[in-house]
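The next block holds one structure in the form of structure tokens; read it before the comments.
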Amino acid sequence: MIQLQCAALLFDMDGVLINSTPAVARVWRRWAIEHGFDPVEVVARAHGRPSLTTVREYLPDADHETENREVERREMEDLEGVLPLPGALDLLASLPQERWTIVTSSTRPLAEVRLRAAGLPLPRNLITASDITHGKPHPEPYLKAAALLGFSAADCIVFEDVPAGVRSGKVAGARVIAFRTTSPDAALREAGADFVVNGCADVRAQRSAASLTLILKDSKSAIGII
């Protein structure tokens with residue numbers, strides 16, 4: 001078994017705890033077509049980053065806040081197929097509340113809507129695009145999340161599913177476990193992921209007063225590069 005010790009866990013939301021990929025793709029595909037962009041490209045670039053970043057890149061001269069509010073409205077209304085990913089509920093239930101949080105590129109209203117739709121608990125401290133200045137791959141989201149829990153990022157383990165998020169966690173100084181739910185192994189490893197596994201069902205947590213011990217599933221699906 002692969003065992004890792006840490007102080008706390010920092011989870012991305014979409015693609016890590018929640019399957020919202022179909023809903024995200026529907027919203028961004030429609031947005032891209034309306035604005036004359038390649039929907040496949042836009043959907044791929046939108047994953048794992050604040051929606052405002054994508055809007056700014058594609059529409060540099062537009063009213064970014066208005067455009068972003070429209071995207072957010074559509075994402076909050078499209079909850080079809082928004083479900084917890086396998087193992088997410090069990091893993092979160094095994095953790096002390098003060099030892100984990102969620103770090104998402106969604107806005108706070110959207111994050112809360114999706115977590116409720118998926119039946120997942122809201123953490124005491126939730127870091128969203130509404131709480132930061134620089135989104136992933138900048139390290140700010142994970143640095144801020146670790147600090148809110150009272151730890152350094154180096155003492156935390158990050159869970160991510162896209163290269164931008166992996167880079168954010170690594171630059172912050174955390175170890176990163178990447179999930180295969182969204183991106184290919186090669187892209188996750190190139191971004192710096194320390195381990196690549198299938199998802200939450202491949203992770204078990206044991207807690208003590210001082211730390212958490214993570215046990216990664218002992219199979220060919222767990223690829224470590226540290």
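Pairs on different chains or at least eight residues apart, Cα atoms closer than 23 Å: how many lysine pairs in the chain fit? Could you put the intermediate results ahead of the total?
On the way: LYS136/LYS144; LYS136/LYS170; LYS144/LYS170; LYS170/LYS217.
Lysine pairs satisfying the spacing and distance rule in the chain number 4.
Full extension of the chain between GLU77 and ALA93 yields a length gain of 3.0 nm, computed as 0.36 nm times the residue separation minus the alpha carbon distance.
Per the Cα gyration tensor, the stretch 170-222 maps to an equivalent ellipsoid with semi-axes of 21, 15, 8 Å, ordered largest to smallest.
If you average the alpha carbon positions of the stretch 164-184 and of the stretch 27-54, how far apart do those two centres end up, in angstrom? First find each Cα centre; the distance between them is then 21 Å. Computed over the stretch 103-157, the alpha-carbon pair-distance distribution with 10 angstrom bins reads 24, 51, 24, 0, each value a whole percent.
In the full protein context, the chain carries 44 Å² of accessible surface per residue, based on a 1.4 Å probe and ignoring ligands, DNA and RNA. Residues whose amide H lies under 5 Å from that of ILE102, counting only those 5 or more places away or on a different chain, are PHE11, ILE127; hydrogens are built 1.01 Å from N in the peptide plane. Annotation: amide H-H contacts under 5 Å for ILE18 (H modelled 1.01 Å from N, sequence separation of 5 or more, or interchain): LEU85.
Rounded to the nearest 20 debye, the dipole magnitude of the stretch 123-226 is 140 debye, with +1 charges on Lys and Arg beta carbons, -1 on Asp and Glu beta carbons, and the Cα centre as origin. Could you run the Debye sum over the Cα atoms of the stretch 1-142, one equal point scatterer each and no solvent, and tell me log10 of I(q)/I(0) at q = 0.09, 0.19, 0.20 Å⁻¹, two decimals? These q points yield log10 I(q)/I(0) values of -0.29, -1.14, -1.25.
Here is the size of the stretch 125-219 from its Cα atoms: Rg then Dmax, 13.3, 39 Å.
The values are calculated or read from the model by the stated rules, or taken from the named source; none is laboratory data. Please read these numbers as outputs of a predicted model, since none were measured by experiment. All Cβ positions, glycine included, derive from the backbone under ideal geometry; neighbour counts span all protein chains shown. Ligands, DNA and RNA are stripped out before the accessible areas are found, and what is left, the full protein with its side chains, is counted by its heavy atoms. Shrake-Rupley method; radii C 1.70, N 1.55, O 1.52, S 1.80 Å.
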